[in-house]
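Shown below is the structure under consideration.
Bear in mind that the values in this text are calculations on the coordinates, not laboratory data. The structure displayed is predicted, hence computed values, not measured ones. FYI the Cβ positions are ideal-geometry reconstructions off the backbone, even for glycines, and counts take in every protein chain you see.
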Amino acid sequence: MTARLWFGGDYNPEQWDAATWAADDALMREARVNTATVGVFSWSLLEPEEGRFEFGWLDDVLDRLHRGGVRVVLATPTASPPPWFTLAHPDAMPVTADGTRLWHGSRDTYCAAAPAYRAAARRIAGELARRYARHPALALWHVHNEYGTVCWCDHAARAFRDWLSRRYGRGQAGLDALNESWGTAFWSQHYSAWEQVLPPRATQWRPNPSQVLDYRRFWSDELLAAFREQREQIRRHAPAAPVTTNVMLPDYQVLDAWAWGRETDVVAVDHYLSSPGPEGHVDIAFCGDRARSWGGGRPWLLMEQATNLIYAGDRILAKEPGRMLRDTLGYLARGADSALFFQWRASPAGAEMFHAAMVPHAGPDSRVFREVADLGLVIERLGEVAGATVAAQAGVVWDPDSWWAMESQRFTSADLGYLGEVRDAHAALWRAGVVTDFVRQDAGLAAYPLVLAPALYLTTDAGIGALTRYVAGGGHLVMSLASGMVDARNHAHRGGTPGGLRDVLGIWVEEFCPLPRDAAVALSDGAAGTVWSERVRTGTAEVVASYAEGPLAGQPAITRNAYGDGVAWYVSTRLPAAAQDRLIGDAAAGAGVGPVVPGAPPGLEAVRRHGENGRTWLFVLNHAGTASLVPARGTELLSGRRVNGVLEVAPGAVAVVREERADGSREERAARP
Ligand code: GLA
């Protein structure tokens, strides 16, 4: 891939006539678009009948984009099989947990475990690769779109049993292991033959949580297998071309993103803002940090965002002027090498005709297009940042198993959710100005002075070992409520929680005590916990704060334990932001972790990207309503102005400073071509 930042979006010219194509060419030039994602939902035009392909129109699109200097991200169209496919292979349509078979008429109507679907997907991917492998416009293969559809049909059941027999073993021995792992002695669920084992379909009451967890693991793997098959087809014809797929953030639960991050040449994510307020900025950081971490710290691609709209639950809100620029720089600050949108031109018809676009229905004489064109210029000016990485000081454990397992057992408290707890922990670090990576529970964590493991509901033996070694070796760990409640099988840990981490935390939890809706419990430090509380028994830990009222009055609420060369905190309730900030502040100070810009006022976000030869760029985003002064020295790239010690950032404004070294010497010349 070339080093410049990618700017553009999904381009669906098949929805338009030739006159519009010509207009698009000119507008793309005007907006400095250099990348177009093509073909995402084009299956029914590319293969109008089973086995008959029509590539002529796509040839024209790629040739035209190439002439205009626009690189192409070429999608395989497998997220939306054509109507003929349904009629030819009705068994390959997805079936919901309650047995309803879905029909075409929307998109994503396929079962990834159905042999006919897999064969059709391989065929169209292979044909596309054969035809376009050497096209000069081609920069990246984009397999499928947002893998996510889950199915509970008979094909899925067969594939699930295969997956289970690989996990637990074949034949009777495997079945015995499965019975043990799923705890089937409970409620008469013992399986006496493999054929009896099914996906967790709609059932009378609570499903078996171990079965549900395994199904989630299986389905992520099944989708990944479907992705790999397409990738292999592509590589047969285009061995060197990078391949990715776009993952929807922040709350898609379907994929184990760690596994997917390893399988893609570059991580690509889609993110649509759902909040107009400060939570929106933090959400961008949350998504950016996750995307970067899944790729092992490599720069990643923002494949889709919305230009001017915020999808706030039951209504769409407009972003204020300037917000698109600030949002985009939020992604770039955290390691994105692209600013791509869904989509270039608003669709004239269809279910998303009022979705945001770079060219809105109003046309180019619009606020949105003017901001898009201005952004194109900014992206060009920031081109030297491409390829630079981000150095984080803190890690937050991201554990899909904990998410899935907690969701399988929601009856402890409807207010407790894994995603919410992880978000809260990340947000506290954001407010502290500390840049954060996400980490696996069983990763080597020594690179991070500070690690947060919020609501790590499921702990594995490897995870317990890694967290223990981390603290013993001098790490600072902050663990919180409902951690270690289950093991890898989704069985309750016996002998108190957090299972296996008793020594490291110097405490154990005897009883969990969820709080009533909207209730709060006062703590001895003046804060009030919500959602959850626990009866904590201390061993070697010191008590930092206790419950001040209620059935747990006088019992520890927050503890701190010196273990080996490190420190492990435990927080047994949900803290309000101010109390969490105090706690994270103390933990960070103990770990020697500080903000990127010391003393930055609330709402000022600062992140540094690191390039070759020691070059650095300081991204500053002022989300606050007042101007900020930031110490900096170098060249501000949006304006081209020198910064001689102090950078003034107006309310809502952004800046990127190519920094000079502390001794005042000039920055080195561009290290890359
Ligand atoms: C997703 C999809 C796009 C489009 C957008 C907007 O990210 O990938 O095709 O549907 O959402 O809703």
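Taking every DSSP beta bridge that has both residues in the stretch 218-324, what percent is antiparallel when rounded to the nearest 5?
35 percent
Let me have the 222 nm mean residue ellipticity of the chain computed from DSSP H runs of 4+ only, each contributing -39500 (n - 2.57), with the sum over all residues rounded to the nearest 500.
-10000 deg cm²/dmol
Please list 377-384, 452-459 highest first by mean number of surrounding beta-carbon atoms within 10 Å per residue.
Going by the mean number of other Cβ atoms within 10 Å, highest first, we get 452-459, 377-384.
Give the shape of the stretch 345-455 as rounded, prolate or oblate, defined through the alpha-carbon gyration tensor: a ≥ b ≥ c are the square roots of its eigenvalues, a/c under 1.5 means rounded, and otherwise the shape is prolate if a/b is larger than b/c and oblate if not.
oblate
Once you sort the root eigenvalues of the Cα gyration tensor of the chain as a ≥ b ≥ c, which label holds: rounded (a/c under 1.5), prolate (a/b larger than b/c) or oblate (the other case)?
Oblate, since a/c reaches 1.5 and b/c is not below a/b.
Debye calculation, C-alpha points only, no solvent: report log10 I(q)/I(0) for the stretch 527-574 at q = 0.17, 0.19 Å⁻¹, in the same order as the q values.
Each listed q corresponds, in turn, to -0.46, -0.56.
When DSSP beta bridges are limited to those with both residues in the chain, what percentage is antiparallel, rounded to the nearest 5?
Taking every DSSP beta bridge with both residues in the chain, the antiparallel ones total about 55 percent.
Sorting check: for 47-60, 492-505, which peptide has the highest mean count of neighbouring beta carbons within 10 Å, and how do the rest follow?
Working: 47-60: 13.3, 492-505: 19.7.
In decreasing order of mean packing, 47-60, 492-505 become 492-505, 47-60.
Under 5 Å between amide hydrogens, which residues at least 5 positions from Glu146 or on another chain qualify, with H placed 1.01 Å from N in the peptide plane?
For Glu146, the qualifying residues are Asn246.
Moving on to the next point. Report the Cys residues of the chain lacking a disulfide-compatible partner, meaning no second Cys Cβ under 4.7 Å from their Cβ.
Here Cys153, Cys287, Cys513 come out as lacking a disulfide-compatible partner, given the Cβ-Cβ threshold of under 4.7 Å.
Which ³J(HN,Hα) values, rounded to whole Hz and listed in residue order, are derived for the stretch 268-283 from phi using the Karplus coefficients 6.51, -1.76 and 1.60 in 6.51 cos²θ - 1.76 cosθ + 1.60 with θ = phi - 60°, glycine and proline given as x?
Result, ordered by residue: 10, 10, 10, 8, 10, 5, 10, 9, x, x, x, 4, x, 5, 5, 5 Hz.
Right, here's the next one. What spacing in nm lies between the two simple spin-label points modelled at Glu542 and Ser639, each 7 Å away from Cα in the Cβ direction?
The two pseudo-label positions are separated by 4.8 nm.
Can you list residues whose amide H is under 5 Å from Val643's amide H, if they're 5+ apart or on another chain and H is modeled 1.01 Å from N?
Gly634, Thr635, Glu636
Among rounded, prolate and oblate, which fits the stretch 3-145 when a ≥ b ≥ c are the square roots of the eigenvalues of its C-alpha gyration tensor, a/c under 1.5 means rounded, and a/b larger than b/c means prolate?
The shape class here is prolate.
Ok, one more. As a test, work out the antiparallel percent of DSSP beta bridges whose residues both lie in the stretch 30-160, rounded to the nearest 5.
Expressed as a percentage, antiparallel bridges in the stretch 30-160 total about 20.
Sorted by average packing, counted as other Cβ atoms within 10 angstrom per residue and highest first, what order do 471-477, 363-369 take?
Ranking the peptides 471-477, 363-369 by packing returns 471-477, 363-369.
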